[in-house]
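Here's the structure, in structure tokens; my notes come after.
The values are calculated or read from the model by the stated rules, or taken from the named source; none is laboratory data. The shown structure was predicted, so the numbers you read here are calculated from the model rather than taken from an experiment. Counting neighbours? That spans all protein chains shown, and the Cβs are built from the backbone with ideal geometry, glycine included.
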Amino acid sequence: MKKNICLLPGDGIGPEIVSEAVKVLHGIEKKFHHTFMMTEALIGGSAIDATGVPLPEATIAACKASDAVFMGAVGGPKWDTIDPAIRPERGLLGIRATLGLFANLRPATLFPELSGSCLLREDTSAKGLDLIVVRELTGGIYFGKPSGTEVRNGLRTGFNTMIYNEEEIARIAHTAFQTAQKRRKKVCSVDKANVLAVSRVWREVVTEISRQYPDVELSHLYVDNASMQLVRDPSQFDVILTGNLFGDILSDEAAVITGSIGMLPSASLGLPGTPGLFEPIHGSAPDIAGQSKANPIATILSAAMMLRLGLNMDAEADAVEQAVHKTLQEGFRTGDIMSEGMTLLNTVQMGDKIAENL
Ligand code: NAD
């Protein structure tokens, strides 16, 4: 099969980790007789330096012409003080909006080999942690109008609007139920329906959509309870479905308890036929950029998500995930996940090992 992939290495460790994922993708091409046409485009700080904007038109065109978009990370201290309208993160928000990527999928998995890094009590982590947060990405309070700041009755006042219509809720609910069908068939929808009107509509629509998926079990939790349950017993969750604000917070909470930010991938998906965006959940790690210390596994697992969800290549995705597991089982580690008795590798060596284990 021939597929077009647009690479957006970005800033900081971005180019280093994307190179390692590309190495693994070349291994997949060979093993499964595919051709991946990979084109590179600018985003974030490196785009600002070269063109003055974080998301050049040429990048938008390259992304739209691809079957999938694969990103490293954007941002860094060099661009922290520039005009907020053209900050590197604007490039990322811009490409998500341009491609209509309304569904953000963030798995949080505790690899048995790394259970020592988990921040939870041993008896809790022993039950396992393998969940995925399906977060609505283009609506809710981050985009709702009206929003702004003004002086009301002599007081500085800020306001935002949390708003969802039934169409926005239905399409993300479908994504969550279909994701669950490929996993352990459980969806927990998280809202604040005891207080928020928008959550009551959310709960109503999710419940209606669930009738189309009788094989998937649906439950509901209020967001405050969900955040407690995540640290009390995350093994109870399979798919967590939630809106933009709650998903932002819960997906970070779920990720951090695994203890390994350098291990976790993500996917952002739009309507069928539009390219998805695949990237590690971490940032550009300026503190270790250029030192070959970055863990490339989150990025390599993002490539596995791209193969599975963006290019419909399940066997290829399985092969990448198995190669990562094998490498960890063999005792190879980067600095961020290093423990006694293991073998320390740099970014390039870790990429080589995983490619070798394909
Ligand atoms: P960060 O995720 O870049 O780094 C946090 C800590 O984790 C650092 O100590 C870093 O060294 C470590 N780390 C991150 N990824 C690692 C990896 N693969 N291997 C080993 N260690 C790793 O978050 P930050 O420091 O808050 O942000 C740095 C820059 O990244 C900022 O400019 C921020 O805006 C940007 N950022 C971008 C994205 C994105 O592109 N999606 C996401 C988050 C932050």
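Can you name the helices (runs of 4 or more DSSP H) wholly within the range 243-351 that have at least 1 residues being away from the ligand (no atom under 16 Å from the Cβ), without any contact (Cβ under 8 Å) to a residue 60 or more places away in the chain and surrounded by fewer than 19 Cβ atoms within 10 Å (Cβ to Cβ)?
Of the helices (runs of 4 or more DSSP H) lying wholly inside the range 243-351, those with at least 1 residues that are away from the ligand (no atom under 16 Å from the Cβ), without any contact (Cβ under 8 Å) to a residue 60 or more places away in the chain and surrounded by fewer than 19 Cβ atoms within 10 Å (Cβ to Cβ) span 314-329.
Here is a check on your reading of the model: is I43 within 16 Å of the ligand (Cβ to nearest atom), surrounded by 24 or more Cβ atoms within 10 Å (Cβ to Cβ), part of a helix (DSSP H, G or I) and touching a residue at least 24 places away in the same chain (Cβ under 8 Å)? Spelling it out, it is not the case that I43 is within 16 Å of the ligand (Cβ to nearest atom), surrounded by 24 or more Cβ atoms within 10 Å (Cβ to Cβ), part of a helix (DSSP H, G or I) and touching a residue at least 24 places away in the same chain (Cβ under 8 Å). For the range 46-58, the candidate set comprises residues that are outside any helix (DSSP H, G or I) and without any contact (Cβ under 8 Å) to a residue 40 or more places away in the chain; within that set, the residue that is surrounded by the fewest Cβ atoms within 10 Å (Cβ to Cβ) is G52. Here F102 meets each of (1) more than 15 Å from the ligand (Cβ to nearest atom); (2) in contact (Cβ under 8 Å) with a residue 24 or more places away in the chain; (3) surrounded by fewer than 20 Cβ atoms within 10 Å (Cβ to Cβ) with one exception, condition (3).
Filtered by the rule that a residue be modelled with pLDDT of 95 or more and either closer than 18 Å to M305 by Cβ or away from the ligand (no atom under 15 Å from the Cβ) (or both), the range 62-85 gives A62, C63, K64, A65, S66, D67, A68, V69, F70, M71, G72, A73.
Please go through the range 12-27 and give me each residue that is under 27 Å from D318 (Cβ atoms), within 16 Å of the ligand (Cβ to nearest atom) and assigned to a helix (DSSP H, G or I), ordered by number.
Keep residues of the range 12-27 that are under 27 Å from D318 (Cβ atoms), which gives 13-14, 16-27.
If we keep only those that are within 16 Å of the ligand (Cβ to nearest atom) too, we end up with 13-14, 16-24.
Matches in the range 12-27: G14, E16, I17, V18, S19, E20, A21, V22, K23, V24.
Give me a count of the residues in the range 215-235 that are closer than 21 Å to F177 by Cβ and surrounded by fewer than 14 Cβ atoms within 10 Å (Cβ to Cβ). Looking only at that region, the number is 2.
The requirement of being touching a helix residue (DSSP H, G or I) at 6+ places or on another chain (Cβ under 8 Å) and within 15 Å of the ligand (Cβ to nearest atom) is satisfied by P88.
One line per residue, one yes/no per condition, for (1) more than 20 Å from L264 (Cβ to Cβ); (2) at pLDDT 95 or above; (3) assigned to a helix (DSSP H, G or I):
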| site | (1), (2), (3) |
| --- | --- |
| N4 | yes, yes, no |
| L8 | no, yes, no |
| E29 | yes, yes, yes |
| F36 | yes, yes, no |
| I60 | yes, yes, yes |
| L93 | yes, no, yes |
